[in-house]
Amino acid sequence: MEPILVKDLVDYNLKVLVTGGSGQIGSEIKNLNKNLSFNFHFPESNELNLLDLDSISSYLNNNNFDLIINLAAFTAVDSAEENKKNANIVNHLAAGIIASEARKREIGLIHGSTDYVFGNTGGPYGAYDKKEPINYYGTTKSLGEDSVLNEYEKSIVIRFASVFSEYGNNFIKRILKSLIKEEIVKVVSDQKISLTYAGDFSKNIIEIINFYNNLEFDVNKNNRIFHLTCREYTNWFSVAEIIYDEANKVENGLLRSKLLPISSKDWKSVAQRSQDTRLELNDNFINESKINLSQWEKSVRLVVKRVLPVILKEVENEK
Ligand SMILES: NC(=O)c1ccc[n+]([C@@H]2O[C@H](COP(=O)([O-])OP(=O)(O)OC[C@H]3O[C@@H](n4cnc5c(N)ncnc54)[C@H](OP(=O)(O)O)[C@@H]3O)[C@@H](O)[C@H]2O)c1
């Protein structure tokens, strides 16, 4: 099949449902939508609440979508341990129902997932490595992937890792605030991670939809999982060092706090975290699709520049 061009997608007036439109990745797509005449739909949770499983089918009946990009998720990793029921409904059961509804309607499905489906033995993990989640969030996302892939042979899963952007709540904003407010900021340095810049998904949305449209699907689910992360691996302490450096470049001498590396043993959290959830990029996905991925440091610096004025205002208002 010939690749579909941007013009074709616009001419087709492709109607795309994006769940999780208020999330980090969804917000980046929304932002992009202002410049593209794609027909993206971002329902609010009062229009489509995935906790209400029965409402999914009726919502889809009332709207003729050509493609679903399912980015809605219960992403609060610690809360998932305490609110297992809701985490399982959104990340697992709703994902399966969306896939089965997409199959009935023969429409496209791109489902978002996470590096947290891995974690026990150590990465970098290939897309088809054995899954081994070590917390409840990871478990529900892993079950969600299985349901999506089993329910619908024309679905794909795209895994992200530690998503950051100028939207929503993320590590960059939290660290930046701590660096402005506190004298000593301790950050874990011994966990190996991949990062995903949410803008890397939205900027490549046409390439991703093209790649999806040109996939040759077969019953073998082993060509339907893809990893989308920034270039190069890192750890949280190195990310914090870049945040520190960039903030001081933008606002000369703003930060005087001390940044200290600590061991993950000294960082307590409700959910267990892995020492290594690095994701390997799939060659075919990245090369065949012509997706352009950023290097993590460059995107972290970009996001720091964009969020710093807002964080400074927030800190000022808290005084
Ligand atoms: N955030 C990360 O660090 C991370 C890391 C790896 C993978 N991922 C995966 O990447 C994808 C996108 O994540 P993200 O970071 O963009 O998400 P996010 O910023 O945490 O936002 C989650 C989104 O899901 C929506 N949502 C939650 N419960 C819902 C419900 N019951 N019904 C409808 N919508 C609901 C939220 O809507 P409301 O705001 O209305 O609640 C929000 O739009 C997800 O598949 C996630 O698992 C995320």
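Things to note:
- Test: F42 is of a type in the set (F, W, Y), touching a residue at least 60 places away in the same chain (Cβ under 8 Å) and within 10 Å of the ligand (Cβ to nearest atom): no
- When the helices (runs of 4 or more DSSP H) confined to the stretch 163-231 are screened for residues that are within 14 Å of the ligand (Cβ to nearest atom) and surrounded by fewer than 18 Cβ atoms within 10 Å (Cβ to Cβ), none reaches at least 3 such residues.
- Residues in the stretch 133-146 that are surrounded by fewer than 21 Cβ atoms within 10 Å (Cβ to Cβ) and either at pLDDT below 95 or small (G, A, S) (or both): S142 alone.
- Selection count where residues are of a type in the set (F, W, Y) and under 20 Å from the mean Cα position of the chain (by Cα), scope the stretch 249-294: 1
- For the stretch 140-164, residues that are within 15 Å of the chain's Cα centre (by Cα) and either at positive phi or of a type in the set (A, V, I, L, M, F, W, C) (or both) total 8.
- Those residues of the stretch 282-296 which are in contact (Cβ under 8 Å) with a residue 24 or more places away in the chain and either under 16 Å from K203 (Cβ atoms) or touching an Asp or Glu at 6+ places or on another chain (Cβ under 8 Å) (or both), in sequence order: F285, S289, K290, I291, N292, L293, S294, Q295, W296
- The one condition in (1) modelled with pLDDT under 95; (2) within 18 Å of I172 (Cβ to Cβ) that N252 fails to fulfil: (2)
- Applying the set (1) surrounded by fewer than 19 Cβ atoms within 10 Å (Cβ to Cβ); (2) at pLDDT below 95; (3) not hydroxyl-bearing (S, T, Y) to L9 leaves exactly one unmet item: (1).
- Test set (1) modelled with pLDDT of 90 or more; (2) within 25 Å of D276 (Cβ to Cβ); (3) out of contact with any Lys or Arg (no Cβ under 7 Å at 6 or more places or on another chain) - N222 fails condition number: (1)
The values are calculated or read from the model by the stated rules, or taken from the named source; none is laboratory data. What you see is a predicted model, and the numbers here were worked out from it, not measured in a lab. In this analysis, Cβ positions are derived from the backbone assuming ideal geometry, glycine residues included, and neighbour counts consider all displayed protein chains.
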